[in-house]
Amino acid sequence: MEVSIKEVNVTHSEENGYVGSVIFEVTGHKTPYELTLQSKKAKDDWSYSLIFTEASGSEEQILTVEEALEEDDELFDFFVDAVKSKL
């Protein structure tokens, strides 16, 4: 899966911990995505949420991205590293 990061933002608070937002595109997909990563305990324990950035896109395509995030540690770490680079 070929991804291109368009924007990365990160915030930190005592209540929410680290919260990062990564806007990215996947080659061949019509709609960009936003991946929200959150780490309340430490910078190495991340949970995530995936949504379409603009208009709703193909359910099949977002499920493909979701599956890749679950199964491809390198892809997930790529996004975590992008967030960590903004700290």
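The values are calculated or read from the model by the stated rules, or taken from the named source; none is laboratory data. Since the model is a prediction, treat every value here as computed from it, not as a measurement. So basically every Cβ, Gly included, is an ideal-geometry build from the backbone, and we count neighbours across all protein chains shown.
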Counting just the residues of region 57-87 that are of a type in the set (Ser, Thr, Tyr) and either at pLDDT below 95 or buried (at least 17 other Cβ atoms within 10 Å of the Cβ) (or both), which one comes out nearest to residue 17 (Cα to Cα)?
85
Condition test on residue 61, is it among the polar types (S, T, N, Q) and under 14 Å from residue 26 (Cα atoms)?
yes
Return the only residue of 2, 71 being of a type outside the set (Val, Ile, Thr) and without any contact (Cβ under 8 Å) to a residue 24 or more places away in the chain.
71
Which residues, counting only those in region 13-45, are part of a strand (DSSP E or B) and loosely packed, with under 12 Cβ neighbours inside 10 Å?
13
Can you name every residue in region 48-87 that is within 17 Å of residue 12 (Cα to Cα), part of a helix (DSSP H, G or I) and of a type in the set (A, V, I, L, M)?
80, 82, 83
Which residue pairs have Cβ atoms under 7 Å apart, sit 6 or more places apart or on different chains, and have a first residue in region 23-51 that is at pLDDT below 95 and a second that is among the basic types (Lys, Arg)?
43/84
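Does residue 54 qualify as being surrounded by 13 or more Cβ atoms within 10 Å (Cβ to Cβ) and of a type in the set (Asp, Glu)? Reasoning before the result, please.
On the way: surrounded by 13 or more Cβ atoms within 10 Å (Cβ to Cβ): no; of a type in the set (Asp, Glu): yes.
No; evaluated as a whole, the condition is false for this residue.
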Looking at region 11-21, is at least one residue over 16 Å from residue 75 (Cβ atoms) and touching a helix residue (DSSP H, G or I) at 6+ places or on another chain (Cβ under 7 Å)?
no
